[in-house]
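*Asks:* Have a look at the structure that comes next, please.
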Amino acid sequence: MSTADYGARARIGVATPQANPTVEPEMRLLLPAAIGVYGTRLVHPAADVETRLDHYIRHLPEAVGSFGSMRLAAFGFGCTGSSYRAGPALEDELTTAASSVRGIPVVTAAQAIRRALRVFSARRIALISPYPTGLAEAGYAYWQADGLTLVETLRVDPVLTDTHRIYELTSDDAYAALASLQHRDVDAILVSGTGMPTVHALQRWQREHGTKSPPVLSSNLCLAWALLQHSAPELAPPNPTLLIGA
């Protein structure tokens, strides 16, 4: 039996908003070479971001179907903002239905974060967001609905009004936001959003702060970890922070 040149252990699909430049590169950085990473784009012609975000998560089966006959071990939805607008209950309903229709595990970045937070028994968190005010507030409501206490919230760019500006942010912006947090007496720190690069910021933070810091999680880090759990559980570490190599 031949072995595939790429994705020899498993192939995973990820979906990301059409202009997002970050999800696929960070998945590739975080996942073992034996896992093939393949992307599809979430598209909708609406001018307003709210309509686009709502459409994306309500059409998960179509996003999975865009891979055609490619055999995927799992599918990751790389758009945290859509989950924030849907809320945890509807999000779980939609992913369960999509998984049933397509016959593979379907997990969102926000669900992956929820799973990671449970591993750390984290209930009190500091939350960093790259979003405009309205979407950031939807995120606060999402995590509060999941039973979390937001000890501190911080927006990376307080004057940001357009979600496309998120894609111009860098890992230096993410690191600066981490360094700006005032409250470290939390169970975990969450850097939300799949569009802002975070891997290099988390690597730097881990090198400089190590065990003196609460666990630091990001949307892409948790999504990569959850997809690895589904596609190759023997390769998945017990928590996502172990995927971050200094």
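*Asks:* Is there any pair with a first residue in region 225-246 that is touching a residue at least 24 places away in the same chain (Cβ under 8 Å) and a second that is among the basic types (K, R) whose Cβ atoms are under 8 Å apart and which are 6 or more apart or on different chains, and what are they?
*Replies:* A226/R115; S231/R9; S231/R11; A232/R9; L235/R9; A246/R207
*Asks:* List the number of the failed condition for Q182; all other conditions in (1) free of Cβ contacts under 8 Å to residues at least 60 places away in the same chain; (2) in a loop (DSSP other than H, G, I, E, B); (3) buried (at least 16 other Cβ atoms within 10 Å of the Cβ) hold.
*Replies:* Unmet for Q182, out of (1) free of Cβ contacts under 8 Å to residues at least 60 places away in the same chain; (2) in a loop (DSSP other than H, G, I, E, B); (3) buried (at least 16 other Cβ atoms within 10 Å of the Cβ): (3).
*Asks:* Then there's this: Quick one: is T211 outside the structural domain of G81 (by TED's automatic domain parsing), modelled with pLDDT under 95 and of a type in the set (S, T, N, Q)? Don't jump to the end; show me each part of the working.
*Replies:* Values: outside the structural domain of G81 (by TED's automatic domain parsing): yes; modelled with pLDDT under 95: yes; of a type in the set (S, T, N, Q): yes.
Yes; evaluated as a whole, the condition is true for this residue.
*Asks:* Quick test of your reading of the structure: V159 fulfils all but one of (1) modelled with pLDDT of 95 or more; (2) β-branched (V, I, T); (3) closer than 30 Å to R41 by Cβ; (4) not in a helix (DSSP H, G or I). Name the failing condition by number.
*Replies:* Every listed condition holds for V159 apart from (1).
*Asks:* Does R11 satisfy the criteria of being of a type outside the set (S, T, Y) and not in a strand (DSSP E or B)?
*Replies:* Working: of a type outside the set (S, T, Y): yes; not in a strand (DSSP E or B): no.
Considered against the rule, which asks whether it is of a type outside the set (S, T, Y) and not in a strand (DSSP E or B), R11 comes out as no.
The values are calculated or read from the model by the stated rules, or taken from the named source; none is laboratory data. On a predicted model such as this, the values are computed, not experimentally measured, just so you know. So basically every Cβ, Gly included, is an ideal-geometry build from the backbone, and we count neighbours across all protein chains shown.
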